[in-house]
Structures are given as structure tokens and as C-alpha cells.
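Heads up: the structure comes next, in C-alpha cells.
The values are calculated or read from the model by the stated rules, or taken from the named source; none is laboratory data. Everything numeric in this text was worked out from a predicted model, so none of it was measured. With ideal geometry, Cβ positions are generated from the backbone for all residues, glycine too; neighbour counts draw on all protein chains shown.
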Amino acid sequence: MADSLGIAVIGAGMAGRAHAAAYRTASTVYESVLPPIRLVSIGDVNADFGRAAADRFGYARTDSSWQAIAEADDIDVVSVVIANSLHRDVVTGLLEAGKHVLCEKPLSDSLANARAMADAARTAPGAARVGFTFRRTPGIAFIRDLIRDGTLGSVRHFSGRYWTDYATSSRAPMSWRYQGGPGTGALGDVGSHLTYIAEFLCGEMKSVSGGQFSTVITERPEPLGAVTGHDHVAVSDSYVSVENDDVASYAAEFATGIGTLEVSRVAPGHPNGLMFEVFCENGSAVFDQRRPGEIQLFIDDDRPGTNGFRQVILGPEHPYLGGGLAMDAPGTGFGQNEAFVYQARSFLEEVAGIDEADSLPRCASFDEGVHNMEILAAVADSAQANGKKVQL
Ligand SMILES: NC(=O)c1ccc[n+]([C@@H]2O[C@H](COP(=O)([O-])OP(=O)(O)OC[C@H]3O[C@@H](n4cnc5c(N)ncnc54)[C@H](O)[C@@H]3O)[C@@H](O)[C@H]2O)c1
């Protein structure tokens, strides 16, 4: 096992801060011991953002270029948490420098760039993983277990949505999220998560069809200052065209069933509305990110007349939660930030050389990141051809 691991996070925005906090907490969950974790640097081109995050989360320094992090001898592990169009250059540069890289989803802004990253990962000395954070969500992982162990049995129908409202206002400022080719909007942003979850539960998609995109707000004002995440800042009178989708939907075919997936960034009242129902041979399950501490479960062996969905409160006997909270007791509550902790923990366990059998499930590979983007590209092809079926 490594003597210690030096950490850097590139990008001090919305998700970068979640990564920075997660590395800080990762060694405080579970009994098994990680090597000492050194919180070395937050990298951000905006020095103020970098300094604020470093101070807040206890990182020793900031760097304003990824190259400085690539060259630093005291850094082993780097999370790349910046705009998707920047992933390829930064990630391949870090891999060439021998760093272990955890890249945010989607793997990149285009399939060509994602494939180049996966090629680089194959020959790189370090680990290369992509952060599909929702595989760490206890309720989602538990439903997967119930499908796989036969309690729910094989999937017949998946109905999923990821509705968000961050772009609802026409005064929401232009940012990298609104720029890119077909399918890089809501589909790439939250649809990459929903697509990953659908396959995590139902197995690989065989085809997609019925692709639809809608851009509701076609131009957005330029911000007057720096903007991160979904923040609203003061804006100018100058407007720039939105290039990608506000709403997207498609249908999918799995080996044993079908699915429908809908995503939006203009759904008022849904700040983070990830929700799905999965209908299987022996019952059904419902997950709703607004209530992450529970799932709804229907098992078709209850007595007629009294059967129905029941609320299953998640606790230490469910995935990730046993030993995975500081106060390791049922009903204490958890949310999306814990998923980042379990993701960071998994990556550190891999990098530290802890055997896979003694670790949390590994993070997704870059090849899986490419596969996810192939589906998004197929949805874009379907949308451009009036919804035609595209084989995967
Ligand atoms: N897993 C999740 O739940 C989740 C949630 C949100 C975002 N994301 C992903 O995380 C990534 C970043 O999204 P975000 O919302 O945090 O972005 P953001 O816009 O909030 O932050 C990006 C940060 O990168 C900085 N930056 C820009 N260019 C840079 C460069 N060349 N080098 C270093 N820093 C640079 C910016 O100053 C900013 O602070 C995206 O890939 C996004 O899809 C994942």
C-alpha cells in the first residue's frame, strides 16, 4: 500500500467542492484503513474560487493551471471537475504525467474526445475512472441488488426522469452548460446520470428510439462576473445563442424489457428531480432523490387485499450505509454529498492498492464512460432522424 496519497481537485465549482469535501471525509468512513491522505491543492483558473475552496476544505495550496498539478511530485490523485469540453486535454495531460485521475461525467463533450481519453487510459500507468456518482446512492444500489438476487427479478419496464429547474429563468446566465453539439445540454448534463442508472439496473441498452430535443430558451444573457454551477449572477444586455437541449427524452430497449427516459433543466419546482420506477417479474421499486433515505417496494407475494407498496427506510443493512456514516445508526439521514464520499473512498482504495474484494465497488472505467456517451450520441442521431430506432 502507498505510504500516503496527495490529492488535488481541478475545478472549484459546484461539483469540485463536493469532490474536495469528499476526499476530506473518505478516510473517516468504514473500519478498514486508508494510507494518510494529504489534501494538497485546489486547481482553478479563477484564483479567488481556488483559494476559497482550499481554505474551506483544508487544502494546502491552490494552483491556477492544471500543468502545475501534473508536474507536482507531491500529488498522486486528481479529480477533474471542470467543463466537459476541457476534460480531454486536462485528463490526458494528467495521465501522461502518471497521475491517477477521477474525471467527472459525462466523460467528455464529444464521442471522439471521449474515445481519445479511453485510449490514453489504456496505456497510462495510473488509474482512470469516471464519476457516475449515483451508483453510490444506497437506495439505487439496493434496488439493483434486489433485481440481481431475484427478489425483484428481471426488469420488464424502466420509467425514469431527471428533471431540474436550473435553466428555467430566461435570466439565468450563459455558461458552458448551454454550449456544445446536439445532446450536450440536459441530456449530457443529467441525462448521462439517468442513462447510467438505467443500465446499472436493467443491463445494457440494445437500441434507442424516439429521441426528442427541445430548446425552450434560445438565447441567454452574458454574465457580468464569473459564474459556477447553476448560480444566477448579474447579467449584461448582451445575449448569446443557446446551442443545446433544455429538454430531452428517448425510449430504450434492454435485453429483458423497455424503458423511457426524460430529462429537463427547465422543470419548475424540481431542483434535483431524479426519480424512477422499475417494474420487474416479481414486483416493483420506486426511487426518488427528494427522499433518498427510503425506497418504495412492492413484492408480489403479499396477501391479496392488503398488498401494496411499502416504505423501506434505509439503514446500516443497506449498501454503503453500514459503517459508512460517522453516526452509524438507522434513520440518521444522508444525501447526495455522501455519494461523493463513497465515490472518493472507492477511488482511493483502488489507488492505494487495496484488493477489489475488500473494497467498495470500483468506479466506472473510461470505457464505460465512452459507452455512456455512445448512447447519448445515438439519442442525438435518433432525434435528428425524427425519432428513428438506432441500434447500439
Ligand atoms: N456528479 C455530479 O453529481 C455532478 C454535479 C454537477 C456537475 N458535475 C460535472 O462536474 C463538472 C464540472 O461541473 P460544475 O457544475 O462543477 O462546473 P462549474 O462551472 O460550477 O465549475 C467549473 C470550475 O472550473 C473552473 N475552470 C474553468 N476552466 C478551468 C481550467 N482550464 N482549469 C481549472 N479550472 C477551470 C471555473 O473557474 C469553475 O470554478 C462537469 O463535468 C459536470 O458535468 C457532476
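Given the criterion within 16 Å of the ligand (Cβ to nearest atom), hydroxyl-bearing (Ser, Thr, Tyr) and out of contact with any Ser or Thr (no Cβ under 7 Å at 6 or more places or on another chain), identify the matching residue among 192, 169. Only one candidate qualifies: 192. Residue 143 meets the stated requirement of being β-branched (Val, Ile, Thr), more than 19 Å from residue 365 (Cα to Cα), in the same structural domain as residue 238 (by TED's automatic domain parsing) and assigned to a helix (DSSP H, G or I). The residue that is farthest from residue 324 (Cα to Cα), among those in region 33-48 that are surrounded by 13 or more Cβ atoms within 10 Å (Cβ to Cβ) and among the small types (Gly, Ala, Ser), is 43. When residue 262 is tested against (1) of a type in the set (D, E, K, R); (2) assigned to a loop (DSSP other than H, G, I, E, B); (3) in contact with a Ser or Thr (Cβ under 9 Å, 6 or more places away or on another chain), just one condition goes unmet, and that condition is (2). Can you name every residue in region 273-290 that is in a loop (DSSP other than H, G, I, E, B) and surrounded by 15 or more Cβ atoms within 10 Å (Cβ to Cβ)? Matches in region 273-290: 282, 289. Go through region 343-359 and give me each residue that's touching a Cys at 6+ places or on another chain (Cβ under 7 Å) and of a type in the set (S, T, N, Q). Passing the criteria: 343, 346. Does region 79-101 contain any residue that is in contact with a Lys or Arg (Cβ under 7 Å, 6 or more places away or on another chain) and outside the structural domain of residue 228 (by TED's automatic domain parsing)? No: zero hits. Count, please, the residues in region 114-130 that happen to be surrounded by 19 or more Cβ atoms within 10 Å (Cβ to Cβ) and of a type in the set (S, T, N, Q). Counting residues in region 114-130 that are surrounded by 19 or more Cβ atoms within 10 Å (Cβ to Cβ) and of a type in the set (S, T, N, Q) gives 0. Inclusion of residue 95 among residues that are free of Cβ contacts under 8 Å to residues at least 12 places away in the same chain and either buried (at least 24 other Cβ atoms within 10 Å of the Cβ) or within 9 Å of the ligand (Cβ to nearest atom) (or both) is not warranted.
Residues that are within 16 Å of the ligand (Cβ to nearest atom) and at pLDDT below 95 within region 203-234 comprise 222, 223, 224, 225, 226, 227, 228, 229, 230, 231, 232, 233, listed in sequence order.
Scanning region 3-25 for residues that are within 16 Å of the ligand (Cβ to nearest atom) and of a type in the set (Gly, Ala, Ser) yields 8, 11, 12, 13, 15, 16, 18, 20, 21, 22. Listed by position, the strands (runs of 3 or more DSSP E) inside region 203-257 whose residues that are of a type outside the set (A, V, I, L, M) and in contact with a Leu (Cβ under 7 Å, 6 or more places away or on another chain) number at least 1 are 205-214, 235-241, 247-254.
Among the residues of region 148-165, the one identified as buried (at least 23 other Cβ atoms within 10 Å of the Cβ) and part of a loop (DSSP other than H, G, I, E, B) is 152. For region 26-44, filtered to residues that are among the β-branched types (Val, Ile, Thr) and within 16 Å of the ligand (Cβ to nearest atom), the residue that is nearest to residue 336 (Cα to Cα) is 42. When we screen 380, 352, 326, 357 for residues that are of a type in the set (A, V, I, L, M), touching a residue at least 40 places away in the same chain (Cβ under 8 Å) and farther than 22 Å from residue 39 by Cα, the only hit is 380. In region 307-315, is there at least one residue being in contact (Cβ under 8 Å) with a residue 40 or more places away in the chain, surrounded by 12 or more Cβ atoms within 10 Å (Cβ to Cβ) and in contact with a helix residue (DSSP H, G or I) (Cβ under 6 Å, 6 or more places away or on another chain)? The answer is yes, given that some residue of region 307-315 is in contact (Cβ under 8 Å) with a residue 40 or more places away in the chain, surrounded by 12 or more Cβ atoms within 10 Å (Cβ to Cβ) and in contact with a helix residue (DSSP H, G or I) (Cβ under 6 Å, 6 or more places away or on another chain). Please find, within region 58-78, the residue that is nearest to the ligand (Cβ to nearest atom) out of those that are within 16 Å of residue 47 (Cβ to Cβ) and crowded, with 21+ Cβ neighbours inside 10 Å. The residue in question is 66. Checked against the criterion of being within 30 Å of residue 209 (Cβ to Cβ), among the polar types (S, T, N, Q) and not in a loop (DSSP other than H, G, I, E, B), region 353-366 has at least one qualifying residue. In this structure, does residue 88 turn out to be touching a strand residue (DSSP E or B) at 6+ places or on another chain (Cβ under 6 Å) and among the basic types (Lys, Arg)? Against the criterion (touching a strand residue (DSSP E or B) at 6+ places or on another chain (Cβ under 6 Å) and among the basic types (Lys, Arg)), residue 88 does not qualify.
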